[in-house]
1. So is E185 of a type outside the set (A, V, I, L, M), in contact with a Gly (Cβ under 9 Å, 6 or more places away or on another chain) and surrounded by fewer than 17 Cβ atoms within 10 Å (Cβ to Cβ) or not?
2. If a residue must be loosely packed, with under 14 Cβ neighbours inside 10 Å and either closer than 17 Å to K126 by Cβ or among the basic types (K, R) (or both), how many such residues does region 199-224 contain?
3. L209 passes all but one of (1) in a loop (DSSP other than H, G, I, E, B); (2) at pLDDT below 95; (3) among the aliphatic types (A, V, I, L, M); which number fails?
4. Just name the residue that is surrounded by the most Cβ atoms within 10 Å (Cβ to Cβ) out of those in region 63-76 that are farther than 19 Å from D178 by Cβ and either free of Cβ contacts under 8 Å to residues at least 40 places away in the same chain or of a type outside the set (A, V, I, L, M, F, W, C) (or both).
5. Considering only residues that are within 20 Å of the chain's Cα centre (by Cα) and among the aliphatic types (A, V, I, L, M), look in region 90-118 and name the one that is farthest from L52 (Cα to Cα).
6. Hey, could you check region 77-117 for residues that are more than 19 Å from I56 (Cα to Cα) and of a type in the set (S, T, Y) and say which is surrounded by the fewest Cβ atoms within 10 Å (Cβ to Cβ)?
7. Run F158 past the list (1) at pLDDT 95 or above; (2) surrounded by 17 or more Cβ atoms within 10 Å (Cβ to Cβ) and report the number of the one that doesn't hold.
Amino acid sequence: MGAIGMGATPLHAQSTEVKEKPAMYSYVANWQIPRAKWADFEKPSPASDKLLSQAISSGTLVGYGADKIEVHSAEGPTHDSFWSAMSMAAVLDVLDSLGKGPPDPLLQTATKHWDGIYVSHFYNWKSGTYKDAYSHTAYYKLKDSAPDDEVETVSKNFVVPLMEKLLADGSIIEYEVDEEAIHTESPAGFWIDYITPNSAGLDKVSAALGEALKGNTFAGPAFGAVTEGADHRDYLSRSNVTYK
């Protein structure tokens, strides 16, 4: 699955069919929770869920959700929560509103916590609420020699055409290509995310990716020439999400 971002110049003929969308901002809060507290932490929070649901209904947010990590790393998060909006102000206003609520004692048990704010110009979703979906995230880092518009090139020429087909046939329910809006990591990093409604969707994406790469044998080497292979990472989560 590390090949999912393999866009390449031989696919430039598709670039006229894909256009950048208005910026979508996402706030992600990552938590490392002791295992004994996982079950309690994963229970719904009525106050937070009500606020986020109201923000969706009013148009402040376009999506929100919570993830529990399926493949754990020694230093990584065990859980995260996120919400997305069409402006930085909307993302931060929701954060402010949640911060004014009563303290959550479970958050005090976290051994580590960190946040990120991301921006995407390539994304789409199917409206609705989905329980126990699967979220796959692939992280890549561009080489110093990569063109400044390489993320745009990869998105237009490979990621979006592939993901739109998978969205249309129901294999996925959401995708996005993210870069940091507030840089706390390397500015050369970017993320390709997609959500499947069930575990079978992961196999469908993998099969579709394999077929797409067979159709363009130059894609893999071209992508490898502009990214740092040693920095690539994959993340897999179970997700409860809502999209407007």
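The values are calculated or read from the model by the stated rules, or taken from the named source; none is laboratory data. Just so you know, these numbers come straight off a predicted model, no measurement behind them. FYI the Cβ positions are ideal-geometry reconstructions off the backbone, even for glycines, and counts take in every protein chain you see.
1. Values: of a type outside the set (A, V, I, L, M): yes; in contact with a Gly (Cβ under 9 Å, 6 or more places away or on another chain): yes; surrounded by fewer than 17 Cβ atoms within 10 Å (Cβ to Cβ): yes.
It is true that E185 is of a type outside the set (A, V, I, L, M), in contact with a Gly (Cβ under 9 Å, 6 or more places away or on another chain) and surrounded by fewer than 17 Cβ atoms within 10 Å (Cβ to Cβ).
2. Within region 199-224, residues that are loosely packed, with under 14 Cβ neighbours inside 10 Å and either closer than 17 Å to K126 by Cβ or among the basic types (K, R) (or both) number 2.
3. That leaves (1) as the condition not met.
4. We begin by selecting, within region 63-76, every residue farther than 19 Å from D178 by Cβ; these are 68, 70-75.
Imposing the further condition that a residue be either free of Cβ contacts under 8 Å to residues at least 40 places away in the same chain or of a type outside the set (A, V, I, L, M, F, W, C) (or both) reduces the set to 68, 70, 72-75.
Values: K68: 18, E70: 13, H72: 13, S73: 10, A74: 4, E75: 7.
Across region 63-76, the extreme among qualifying residues is K68.
5. Step one: list which residues in region 90-118 are within 20 Å of the chain's Cα centre (by Cα), which gives 90-92, 94-95, 113-118.
Filter once more, keeping what is among the aliphatic types (A, V, I, L, M): 90-92, 94-95, 117.
Values: A90: 12, V91: 11, L92: 13, V94: 8, L95: 10, I117: 17 Å.
It comes out as I117.
6. Among those that are more than 19 Å from I56 (Cα to Cα) and of a type in the set (S, T, Y), it is T111.
7. So F158 meets the others, but not (1).
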